[in-house]
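No lab work stands behind these numbers, since they all come straight from the coordinates. Since the model is a prediction, treat every value here as computed from it, not as a measurement. Every residue, glycine among them, receives a Cβ derived from its backbone with ideal geometry; neighbour counts consider all protein chains shown.
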Amino acid sequence: MPDRSWSAYLLKCLDGSLYCGVTKNMGNRLIKHNKGTASKYTRFPPAGKIGCRQRVFDQT
């Protein structure tokens, strides 16, 4: 069974800016960021790679 705990993450976009988000499925969320469908911010500049990830107890 996949781990569905919350993760807070920072993405480093291709222009060098950072995007902060939370998710229960990091792999799926990264795919969506790279397709430009996860958030308006990462449509352009597109997400490059995960800068850091930290598991958290809940979304708040």
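Values computed for the structure shown
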read-out: Highest to lowest packing among 23-29, 52-58, scored as the average C-beta count within 10 Å; value: 23-29, 52-58
read-out: Projected area averaged over orientations for the chain, convex hull of C-alpha atoms, nm²; value: 4.0
